[in-house]
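Structure record follows, encoded as structure tokens.
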Amino acid sequence: MANQYPVYFAGQRLTAALLSAGLPLMAKKTVDEGLNTNITVQPDDELFVPVVAGASYPAEAWVFYSAASNTPDIRINWTYPAGATFVRTDWGAPPASTSTNDVVEMSTATTADVGRAAGTTQRSIYMQGDLVVSSTAGNFRLVWAQVTSDAGTVSVKAGSFLKLTRYA
């Protein structure tokens, strides 16, 4: 049986809140955000959305990034409310790669940070996953850092986006 959210009933009064409940939750990065010499993941300033207790969401994100050199690479992960489960697959350039025409590496993770090659040419990481929120509401958010501490800046670029669509 397929899940559908929200459920609309014949004769039901359609309100703005009910119609809005069926829209995807989206966040789009409007400005580049950079950091250097930081290997501990930090919350992204713009790529987050609020999620509600007891809900389930397929998640999709496309994160564009670049660095001042090939040294630092980028580490990404996602945070979510306590008790929630999140399984994802990421596609992106393999770590420590210096080629601008790399094969795409796929990794599946639940809680691990994923390192990807960064360089002066803009690259991207594409993510799909499934978030099941338990009894605690909160934010679903991108967290990121450098893989190798370097004075050169790694930047998550404007245009990156995050999208969740509730299905239960």
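The values are calculated or read from the model by the stated rules, or taken from the named source; none is laboratory data. Computed from a predicted structure; not experimentally measured. Every residue, glycine among them, receives a Cβ derived from its backbone with ideal geometry; neighbour counts consider all protein chains shown. In case anyone asks, the SASA skips ligands and DNA or RNA and just uses the protein heavy atoms, side chains included. Shrake-Rupley method; radii C 1.70, N 1.55, O 1.52, S 1.80 Å.
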Over segment 1-97, give the accessible area per residue in Å² for a 1.4 Å probe, as an integer.
54 Å²
Point-charge dipole on Cβ atoms (K/R +1, D/E -1) for the chain, about Cα centre, debye to 20
520 debye
Approximate spin-label separation Ala82-Ala168, in nm, with each point projected 7 Å along Cα-to-Cβ:
2.4 nm
At R0 = 35 Å, FRET efficiency that the Cβ-Cβ distance of Ala137 and Ser69 yields, to 0.05:
0.30
Heavy atoms only, probe 1.4 Å: what % of the accessible area of segment 46-93 goes to carbon and sulfur, would you let me know?
63 percent
Give the calculated FRET efficiency between Thr148 and Tyr126 to the nearest 0.05, with a Förster radius of 22 Å applied to their Cβ-Cβ distance.
0.45
Sorted peptide list for 153-161, 52-60, 20-28, 6-14, criterion being average Cβ within 10 angstrom, highest first
153-161, 52-60, 20-28, 6-14
Ratio Rg/Rh [Cα only; Rh per Kirkwood] for the chain
1.04
